[in-house]
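All remarks here apply to the structure that follows.
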Amino acid sequence: MAATGDLTSLIEAMRAALLPHAAAAAQPYLAHWPHAHPSRERPAVALPVLGWLGTAVAGAPAGVLRAVAEQLAALATSLEWRRSYSEAEAGARFLERYGYCELAGERGPVPSSALSVGFLLLGPETLYPAHRHPAQELYLPISGIASWQQGGTAFRERAPGDAIVHGVEEPHAMRTGAAPLLALYLWRGPGRGQTARLDAAPLPGGSARAARLLSSDVGGSQAQPGRRR
Ligand SMILES: [Fe+2]
């Protein structure tokens, strides 16, 4: 597990990055910010997507966002990086370019019964297909201009420092370009214990809907049927 002081410092740096949004989007999340010390042992688990973390750190704007990225990079190999989908669900290419880690919450090293706090990392030229979940969510991109979609509207570029809020069961998707995306995420609400689901139709055999959805993956990758976050 990461050193207690380092994790506490990183979580505090994440809070500082959210303060510009404290009067609006981030307010209900900051009200439940976890101030406990790490007390839960979690295994260190690395994923292929970490190969893009250095690029993400270099691309983070100077200031509080760069500070968050640098502190995360210093701890990254001691954290538990996770994926919620199998290869059969999401495809090998997506799984090589996707991962997240929870720092505080019901599973992360810092216990919190009200808020989940973590990071999402996506490699370049990657589509995270439309998905939804019962928890309310706030994303703060730390590095990388990506296109974000919510509620079936058109994809829209969002920059580091923008706050992006998703409501309960609101479908949303992200698509990176040349740069990887590193984003801070927060989950709140009674649905935090439930994982997200991709909107694509389920296997087996691969559905036409899933194939269409994933064939739009930027970079021209092979379509892979799949569903769920
Ligand atoms: Fe989400």
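Every number here is computed from the coordinates shown, using simple stated rules; none is lab data. Just so it is clear, the model here is predicted, and its values are computed rather than measured. Note: ideal-geometry Cβ built from the backbone for every residue, glycine included; neighbour counts use all protein chains shown.
Below, the figures for the structure above:
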{"quantity": "Cβ-based charge dipole, the stretch 4-215, positive-most Cα from T8, A92, P180", "calculated": "A92"}
{"quantity": "Value of [θ]222 nm, deg cm²/dmol, for the chain, DSSP H segments ≥ 4, -39500 (n - 2.57) each, nearest 500", "calculated": "-6500 deg cm²/dmol"}
{"quantity": "Normalised contact order of the chain, rounded percent, pairs of Cα under 8 Å and 6 or more residues apart", "calculated": "21"}
{"quantity": "The chain - Rg over Rh from alpha carbon coordinates, Kirkwood radius", "calculated": "0.94"}
{"quantity": "A58-A31 FRET efficiency (beta carbon distance; Förster radius 35 Å; 0.05 resolution)", "calculated": "0.55"}
{"quantity": "Charge dipole magnitude, Cβ of K and R +1, D and E -1 - the chain, Cα centre, debye nearest 20", "calculated": "400"}
